[in-house]
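The values are calculated or read from the model by the stated rules, or taken from the named source; none is laboratory data. As the structure is a prediction and not an experimental result, all values here were calculated from the model. Neighbour counts are summed over all protein chains in view; Cβ atoms, including those assigned to glycine, are modelled from backbone coordinates with ideal geometry.
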Amino acid sequence: MKKEINVWEYAQHILEKMSKGILLTTKADGKVNSMVIGWGMLGIEWGTPVFIAYVRKSRYTKEILDKTGEFTVNIPLGEMDKEIFTLCGTKSGRDRDKLAELGLTLEEGETVSVPAIKELPLTLECEVVYKQDQNPQAIDPQLDNRWYAKGTAHEGNYHTVYYGQITKAYIVE
Ligand SMILES: Cc1cc2nc3c(=O)[nH]c(=O)nc-3n(C[C@H](O)[C@H](O)[C@H](O)COP(=O)(O)O)c2cc1C
């Protein structure tokens, strides 16, 4: 069962949880994949509530998002489970099925083809309405060096910004 919520009433909870890591979930060709995100925004643009996510070029999630334009954001009500956090935050779904390994319970989405996850029940269903690759020239040089430094694994691995229109918000019960 899903209890529909007013997303603004949960804004503080969502942002607090995101600062420690929540999940962004996508689905393509029958396979569901989640990654941990620690960067994001909740707000309003074009008169509609949006969740904005920042996904590096190297992520499998980016490949899927570019194909499908749909995602869910999955937020725990209490603490994030450590096993979920570690697997989804360090391993790529390119070569494994993380959610099957974790034995998570998927609940069909209402407005998108991507499911919700019962174990992280606060759910935002999102449709990508805008995306943009970050412009390296426009980033503060100190931050550029901190996050994308030459000679490191993240050289050139810039983020793409995805604006997801929130089409439904609920708690899986
Ligand atoms: C706390 C935490 C926050 C993270 N935040 C982001 C993020 O906002 N954007 C991003 O691209 N990767 C982020 N990551 C890294 C991805 O979760 C990680 O690379 C993941 O394995 C990618 O999975 P995928 O290849 O299946 O998409 C974060 C990882 C952790 C542990």
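Does L143 count as aliphatic (A, V, I, L, M), closer than 19 Å to W39 by Cβ and loosely packed, with under 12 Cβ neighbours inside 10 Å? Here the answer is yes, as L143 does meet what is asked.
Taken over the range 47-95, residues that are closer than 17 Å to Y158 by Cβ, outside any helix (DSSP H, G or I) and not hydroxyl-bearing (S, T, Y) amount to 6.
In the range 47-66, is there at least one residue being more than 13 Å from the ligand (Cβ to nearest atom), among the charged types (D, E, K, R), at pLDDT 95 or above and surrounded by fewer than 21 Cβ atoms within 10 Å (Cβ to Cβ)? No: zero hits. Annotation: V161 fulfils all but one of (1) under 19 Å from M41 (Cβ atoms); (2) of a type in the set (A, V, I, L, M, F, W, C); (3) in a helix (DSSP H, G or I); the unmet one is (3). Just to be sure before I move on: is K150 touching a residue at least 12 places away in the same chain (Cβ under 8 Å) and surrounded by fewer than 17 Cβ atoms within 10 Å (Cβ to Cβ) in the structure I sent? No; evaluated as a whole, the condition is false for this residue. Within the range 16-44, residues that are at pLDDT below 95 and more than 7 Å from the ligand (Cβ to nearest atom) reach partners that are among the acidic types (D, E) and part of a loop (DSSP other than H, G, I, E, B) with beta carbons closer than 8 Å, at six or more positions or on different chains, in the pairs K31/D97. Within the range 1-46, being in a strand (DSSP E or B), among the polar types (S, T, N, Q) and farther than 12 Å from V73 by Cβ holds for one residue alone: N33. Say we look at the range 69-101 and pick out the residues that are surrounded by fewer than 16 Cβ atoms within 10 Å (Cβ to Cβ) and among the hydrophobic types (A, V, I, L, M, F, W, C); which of these is farthest from the ligand (Cβ to nearest atom)? Looking at residues that are surrounded by fewer than 16 Cβ atoms within 10 Å (Cβ to Cβ) and among the hydrophobic types (A, V, I, L, M, F, W, C), I get L77.
When residues in the range 38-80 are screened for being within 18 Å of L102 (Cα to Cα) and aliphatic (A, V, I, L, M), 3 of them pass.
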